[in-house]
Amino acid sequence: FLETAAYFCMKPKMGEKEVSPHSFFSIWHEFSSDFKDFWKKENKLILQERVKEAEEVCRQKKGKSLYNIKPKHDSGIVSKNCSNT
């Protein structure tokens, strides 16, 4: 534990000889909570951007028709029977 505290340059509080686990982990808890909150916000923003991009791609693809629809011609048995009556 002391090596880890030294690695992160933790210094003991006034009146203490060594860094206590309570002081180390209270700071670590604050850091990890803040990091988690920022991580969630950033992921939410990235997701919103990707959804907007996907919607834009869908709009562009809907605007461009990949196939042509030809009008139906009046031919066949039904049209011939209707014209005779």
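Worth a mention:
- By average C-beta atoms within 10 angstrom, highest first, the peptides 49-59, 17-27: 17-27, 49-59
- Inverting the pair-averaged 1/r between distinct Cα atoms of the stretch 1-47 gives 12.3 Å as its Kirkwood hydrodynamic radius.
Read-outs: derived from the displayed coordinates by stated rules, not from any lab. Everything numeric here is computed off the predicted structure, so don't read it as measured data. Cβ sites come from the backbone with ideal geometry, for glycine too, and all protein chains shown count toward neighbours.
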